[in-house]
Every structure is written in C-alpha cells, then in structure tokens.
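Here is the structure we will look at, set down as structure tokens.
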Amino acid sequence: MDMSSKAHEFNDSLSRAAAGLRLYDTASRTVSAFTPIEPGRVGIYVCGATVQSSPHVGHLRTTLAFDVIRRWMTKLGFKVTLIRNVTDIDDKILDKAAAAGQEWWERAFIYEREFTAAYDALGALPPTYEPRATGHIPQMIDLVQRLIDRGHAYIVPDEEGGPSGNVYFDVESWPEYGALTHQETGTQAADEQAAVADRMGPSVDAHGDDKYNPTDEADLASGKRGPRDFALWKASKPSDPPTARWTTPFGTGRPGWHLECSAMSRRYLGEDFDIHGGGLDLRFPHHENEMAQSRAAGWGFAHRWMHTAWVTQKGEKMSKSLGNGLAVDAVLAAYPAWVVRYALVSAHYRSMLEWGDQTLAEAQAAYERITGFVNRAGKALGWQPSREEVAARSADQLPADFVNAMNDDVKVPEALAVLFATIRRANAGMAGGDSHAEQDGLLRDLLDVRAMLDIFGLDPLDPHWTRPDRGETATAEHAALDALVSRNLTDRQAARTAKDFARADAIRDTLAAAGIAIEDTPEGPSWQLEG
C-alpha cells in the first residue's frame, strides 16, 4: 500500500475533530497543530520507571497523564503506539540490591511488578510494549559505536592505552546541543516553569529518585574532555557483579542512563517518531542528552516533546529523597483507586499538582456526584448503555466545548467543567419528566457523560472499577450500596413531588438510621456515609 492509500485509509477512520488537535512542544515552547509523521498513526515514547524501590503517587502522574492523552488520540481515530520503558539497571539498583543481599536483577523485577500493579490499580492501559533496558544492550552498543565512528564520541584510554570502558559524548562536536532546553551554558533554566523546577531541589527522576548530579560525571574519569560531555558507556566498578558487566569493543562496563531511551525508541518507533514524553525534571539533562546523541547518530528522533509537571506536597516535589513520598499501596488503602486516579488526572498535565486532603476530598466529592448521576439516569431510563455503546461514541458526537478543551493541549480542567455542566443540566431535567423527548435527551446526556469519563479512564461502570477483587469502596460493594440508596432517593423525590412529605421524611430517617446522610443540592440529592 502506498502512502496516498494509507492516508486515505486513515483519513476515513479519523474524526473531524482530529484536525483541530493542538499540543505543546517543549523545544519550541509553543502550542501548535499536531500532524503525525504517518497519517492516522501516532508513535509515543514515554520514560518509564526506574525500578529500584516501591512507587509513590508522584511516580504515577506522568503515566496517567499520557494514558489520558493516548485515550483522547484514540477517540479522535488515531492508531496509537505507546512505548514505555523500564530502567532495570543503574547505580541505585546495584547499590540497594547489594545492601539488601539481593541480586540486582531480582530487586529490579520485584519493584517492576509493584509498578505494574500500581498502573493496573489506577486503570492505566498497558503500553503497546514495555521494553527493559537490559534487553537492549546490543542496540546500545551499536549506537555507541555509531557515535564514535561519526566523530561525536570518544573512548577514554586506560593506563596502558587500551579502552577503559568509559565512553563520552563529545558535546563540542554537536553545535545543536541545547536545542530542547535552549541552554547556552548547560546550566541556565530554559523557561519560567523549568526555573521553578530547578529551584525546588535536586534533579529527581519522575519515575525514581535522584538520578543526576552535575558533579558525578565530572568525577568519573580524568580523561573526560569537556565539563558538559556525558557518559554513553560506563566502565565497570570493582563492586559491580559479573552479571552487570558487558564486554564491548570499548571496554567492559554497562550503559549510561541517557543511552537506553535512544536505542529503545528507535527499535520500536523508528528513527523518527511523533512524541517523546516524560516528567519536567527529565528535560535536562536526560532528554537534552537523548536528543543530542540521537540526532548526532543521524536520526530525526522525536518531533515533539511533552513534559508533565510533578506532584507536590506543601510546595515541595514529591520524592523519596525529600522524605515526602506517599506509597501507592498506603494511599490505595485509604482511598478508592477511582478517587486517586481522578485526583491525579484532573489537573492540566503541565501544572504542578498539590497533593493533600483537600485534593482527595474534592476527588471523592466528584465521585459521588458522578456516580449519583449515572445511577439516577440509569434508573430513570430503566437501563444503562453498554460499554460498547459508550466506546462507540465518537469525538464528533461529544459536546463541542469538551472537544475544544481536549484539543487545546488536553486541557482536562476545562473538559471536566463541560462534563459537570452536562450533569447539572441532566439532573435539572430529570425530575418528573418521562416524555419521549425527555428520555431521548437524558440518554444522550448519559452517553456523553460516560463517554467523556471514559476518556479520563473514569467511567464508573467500566469493568475495571466494578471488579469484585478490587477490595475498595469504589468497587462492586460500593456500587451495590449506591444503587440501593439511589433507589430510596428516587422514591423520596417522588414523594416530595406528590407533596407526601411524611413519606419523604420517613425515607430520610430510615437512611439516617443506617448511617447515611442526605444532602439536597441544586443538582439533586447526594449521599455519604456519616462518621
């Protein structure tokens, strides 16, 4: 099939709304129209976890932000390939494994499974593929050799003049260095938001802990030619186990941190791909170095860069190094996973997200408003649309203001405002009406609400949230209780409409005796457990 045929094929599958998608690019610092390299297809590479210890909620933000971006692109009709890597070897993994008496690969796999469980608990779709760094050593060695051959890398000799195992990228050989962050010296901030990031503490990997200190590389070897040169390959340390050493033409060692993503993105997405994503703190040096080494190798690499801001507590970035991390399992023991996901995706992906009781209380209130409406609407109609019907609702059928908000750099807060406006309108029109026109309007609103929620991964009737093995209040038990309470609220509303206030009060008192508090709001009654 030639390119014109492919373009025609995918143009037929795209929604009309797809033409309006605009996204921010870190390199240009502008929001611009998104046009994929290949019509109808989108390739995304997202930096994943460094699996040296348990995940905290700050680690999950980037994953969930790109989950929403992917879901929206899919709703627009694009076929999305999303690659999310696992860094399963680095200094911290080796050091912590040794301290714990573990094999390094054993430790990496233990915590890889913890991250996978956290992704699943919060409803993140699995990536198209999730490669491990250690599974791509040959591709990394080939890239290092390619950079040496092209004059952009050099081997540091050992005392006898042979290869030491240390290989550095020669920044002076690549005049375009700094194209991502626009840094002249390699230390000045690229923009106001990044300056805030730089002031907030050490450079902390969005998926691990402190990963880069500007003095680390300078102290590695006396043969390093320039202060900005960075390690492509690192000579083995005496403490490194034999299983963490690879023999290469430039000496025995292991890959530098920046090398892996360049090799793996090319392996699965090609020399040119659409979007590279990660946390804002990865912008420099990690992504700057990735861009330099990939383009110096002769590849086009990522055509757009998207970075998520991080989660903060009391103004400080959430990280283990600062002692303010909240373990995912602890948070999920206290709050339903739906509520935690809502809290993490409800802010714009480029805005800092302050984590605390208020954030979670707002997410819990959103859950009650949303599930209350979905259940009441289903009862008024006498049925719920199937998941297939919800998924089949195209972007062109959704409210125009919602589409415009999502197409404008995925502005989730504005899109959620449209969702709640739809709920308010439907609640107002639900009382007492059963005409055909009113039923049709309610069905349309219910389909819109659930389809919009599905883009955020938050449709409460998605089997993910109703699985009985979840063991949380947002699962089957909570849904059953909500259904029973909502039926009582419907009967109470009918009694009030008929001016049978004695029956309405009796229903309220029965619910109160069961520990359920009722609140009448302009959007309709809501309930919560007392205490």
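Legend: P(r) of the stretch 372-433 from all alpha carbon pair distances, 5 Å bins from 0, whole percents, reading 4, 16, 19, 23, 22, 11, 4, 1. For the stretch 286-293, backbone phi angles converted through the Karplus equation (6.51, -1.76, 1.60; θ = phi - 60°) give residue-by-residue couplings of 4, 6, 4, 6, 4, 4, 4, 5 Hz, Gly and Pro being listed as x. Close amide H contacts of Glu354 (hydrogens built in the peptide plane, cut-off under 5 Å, sequence separation of 5 or more or a different chain): Thr312. Excluding same-chain neighbours fewer than eight residues apart, the lysines reachable from Lys314 by a Cα-Cα span under 26 Å are Lys211, Lys411. For the stretch 314-424, relative contact order (Cα pairs under 8 Å, six or more residues apart, normalised by length) works out to 25 percent. Distances between placed amide hydrogens fall under 5 Å for Asp459 paired with Asp454, all partners being 5 or more residues away or on another chain.
The stretch between Asp142 and Arg387 holds 83.6 nm of extra length on full extension. This uses 0.36 nm per residue minus the Cα-Cα distance.
Mind scanning Lys92/Lys234; Lys96/Lys317; Lys92/Lys237; Lys96/Lys237 and naming the pairs with a C-alpha gap bigger than 21 Å?
Violating the 21 Å Cα-Cα cut-off are Lys96/Lys317.
Rounded to the nearest whole Hz, the Karplus-based 3J(HN,Hα) values (6.51 cos²θ - 1.76 cosθ + 1.60, θ = phi - 60°) of the stretch 382-388 follow the sequence x, 6, 10, x, 6, 4, 5, with x at glycine and proline. Each residue of the stretch 365-377 was assigned a 3J(HN,Hα) from its phi angle through the Karplus expression (A = 6.51, B = -1.76, C = 1.60, θ = phi - 60°), giving 4, 4, 4, 5, 5, 5, 5, x, 5, 4, 5, 5, 5 Hz with x at Gly and Pro.
Any chance you could run the full-extension gain for Glu176 through Asp149? It's 0.36 nm times the residue separation minus the Cα-Cα distance, nm to one decimal. Numbers along the way, then the final one.
Values: separation 27, 0.36 × 27 = 9.72 nm, distance 1.87 nm.
Answer, rounded to one decimal: 7.9 nm.
Close amide H pairs (under 5 Å, H built 1.01 Å from N) link Val51 with Thr87, residues at least 5 positions away or on another chain. Cα centroid separation, the stretch 45-88 to the stretch 240-282: 18 Å.
Only the coordinates and a few stated rules stand behind these numbers; no lab work does. Since the structure is predicted, the reported quantities are computational estimates derived from the model, not experimental observations.
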